[in-house]
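Q: If you scroll down you'll find the structure; I have some questions about it.
Readers should treat all values here as calculations from the given coordinates under stated rules, not as data from a laboratory. Bear in mind that the values here come from a model prediction, so they are computed numbers and not experimental data. With ideal geometry, Cβ positions are generated from the backbone for all residues, glycine too; neighbour counts draw on all protein chains shown.
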Amino acid sequence: MTVNCTKKDLGKKSLDRNFRSLVHAPRSLVWLILGILLCGVPTPARAQSQQPPIGRDAKSGLPDTPEAQTSTGEQLPEQPLPGSVRGTVVDQNGTGVAGAKVRIACEDQSQNQEVSTGEDGQFTFAKVAPGPFQLAITAEGFAAQASSGILRSGESYVVPRIALTIATAITEVRVELSPIELAQEQLEDQEKQRVLGFIPNFYVTYIPDAAPLSSKQKFQLAWKTSVDPVTFGITGAIAGIQQAQNDFSGYGQGAQGYAKRYGASYADFLTNTFIGSALLPSLLKQDPRYFYKGSGSKRSRALYAIANSVICKGDNAKWQANYSAILGSIAAGGISNLYYPASDRGAALTFENAAIGIGATAAANLLQEFVIRKFTSNIPKQVSANP
């Protein structure tokens, strides 16, 4: 039997035959072929996972460079946060000290603060910049104290308890004397001044701004001078010279004449001292003392000494005419008419004694300015040693 087949029929038969042979192939072979296909040929998903992702720049639309990725991934350092510092100030017994001043000093001086402790002695500084700090603590009656520490970012730092100690007592006592007390103190030093260690030199002050004397002190000085043993001795020497020269002959000679001359001389000294150096200075507010100059040229010092026989310093520290000494000499001369011999009395004697008194004062002042100071002991220590 003859079978007529076209090319188309033959191709179809061949494909059917191949498919059937594949279907009837062993299963192992099929799995082998599938395994080769799965392992040997990468799938699109796996190939994509093996490649690094490529991003795009948001602005340019171009793929990101490694540099761009690095800069984007960097993180800024954390900013330091302020913290707080607190503590307690106590005394030696552990009791809180209220009102103590606590000052904190940081590296940034603008952060320095000062607070006072509360009733319980506690203090707190808020918003303190981190870093090292110093504390200075002061309180009345206590010695200053210090403390230090390092504050970390955002930390609440607690300072160890600060115990204050009692301050060492340094007491400065300034005694302000009243003018009368100061004058009395100076007067007592003045009454120790003696020429050659024994002759009284009470009516001169070596303190330029010596305090003015009160009336009581002026009489005190007059009495101190009048009853000094040296005064009695000098009066005796004067009476002896007068008797030797037969001055005031009306008194006669012998012990009786010497006694009269002694009494008259002492009476002259007593009346002149009390009237001219105590009574009138008290009434007229004048200082009976000689204020030692000690500086300047010799001529200026000599003129100053002579002028002080007729001028004096008032209790108001101003220079003025020495009415006390002048009127005192006249008054003493007038009183002397009561006990001098009749032949020696009269107005002439009065003014003669006054003139003698003024001249004697000028001579004494010159000696005070240039000589006597060098031989005077117990001069106040606060006076500088002028030549």
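Q: Let me check I have the definition right: for the stretch 179-377, take the eigenvalues of the Cα gyration tensor, multiply each by 5, take square roots. What are those semi-axes in whole Å, largest first? Numbers along the way, then the final one.
A: Numbers: eigenvalues 175, 66, 57 Å².
They are 30, 18, 17 Å, listed largest first.
Q: Testing the spin-label approximation: label points 7 Å from Cα along Cα→Cβ at residue 185 and residue 103. State their distance in nm.
A: 3.7
Q: For the stretch 106-221, restrict the atom set to alpha-carbon positions and state the Rg and Dmax in Å.
A: 30.2, 87
Q: Continuing with this model, one more query. Going out from 0 in 5 Å bins, what whole percent of all Cα-Cα distances in the stretch 255-355 drops into each bin?
A: 2, 13, 19, 18, 16, 13, 10, 6, 3, 1, 0
Q: Take the alpha-carbon centre of the stretch 107-148, take the same for the stretch 289-324, and report the distance between them in whole Å.
A: Answer, in whole Å: 64.
Q: In whole Å and largest first, what semi-axes does the C-alpha gyration tensor of the stretch 169-284 yield when each eigenvalue is scaled by 5 and square-rooted?
A: Working: eigenvalues 305, 48, 17 Å².
Listed largest to smallest, the semi-axes of the stretch 169-284 are 39, 16, 9 Å.
Q: State which entries of 192/218; 192/260; 216/374; 192/298; 192/374; 192/293 exceed 25 angstrom in Cα-Cα distance in the structure shown.
A: In this structure, 192/260; 216/374; 192/298 exceed 25 Å between Cα atoms.
Q: Using the Cβ atoms and a cut-off under 14 Å, what net charge is assigned to the surroundings of residue 218, where Lys and Arg are +1 and Asp and Glu are -1? Mind dumping the intermediate values first?
A: Numbers: positive: 216, 224, 285, 289, 313; negative: 191, 287, 315.
Counting the neighbours of residue 218, the net charge comes to +2.
Q: Additional query: Using a Debye calculation, one point per C-alpha and no hydration shell, please list log10 I(q)/I(0) for the stretch 83-163 at q = 0.11 Å⁻¹ in order.
A: Results for the stretch 83-163 at q = 0.11 Å⁻¹ read -0.25.
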